[in-house]
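Here's the structure, in structure tokens; my notes come after.
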């Protein structure tokens, strides 16, 4: 990244004072300094996200009874829906036999 910026500085062959030249130099210095902070910043973000996931999981493990009840309710609703569909088919077939 720094070599590209330096090549931009060297490509200007004019002897006039270029107002962008100091800005590009400061930018390349700042980019070089900021690149050292990239890894610690990413580490901090990952640790923060990890801590949030741990807290969420911890909260769910303390209320395992509520979660188990929720899943049992879901299974119960699936069984009821399955049985309703089966009974509906049986009732419709019986009505068709009676009308024929």
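Please treat every number below as a calculation from the coordinates, not as lab data. These numbers were taken from a predicted model, which means no experiment stands behind them. We place every Cβ from the backbone using ideal geometry, glycine too, and count neighbours over all the protein chains shown.
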Exercise. At residue 41 and residue 66, where each label point lies 7 Å from the Cα along Cα→Cβ, what is the point-to-point distance in nanometres?
Worked result: 3.8 nm
For this session: With label points built 7 Å along Cα→Cβ from the Cα atoms of residue 34 and residue 51, find their separation and express it in nm.
Result: 2.5 nm
Exercise. Once fully extended, how much extra length lies between residue 78 and residue 90, figured as 0.36 nm per residue of separation less the alpha-carbon to alpha-carbon distance?
Worked result: 2.5 nm
Exercise. Where in the stretch 27-50 does the amide nitrogen come within less than 17 Å of the point 7 Å from the Cα of residue 58, taken along Cα to Cβ?
Worked result: 47-50
Exercise. Looking at the square roots a ≥ b ≥ c of the eigenvalues of the Cα gyration tensor of the stretch 37-100, which shape do they give, rounded for a/c under 1.5, prolate if a/b is larger than b/c, or oblate?
Worked result: oblate
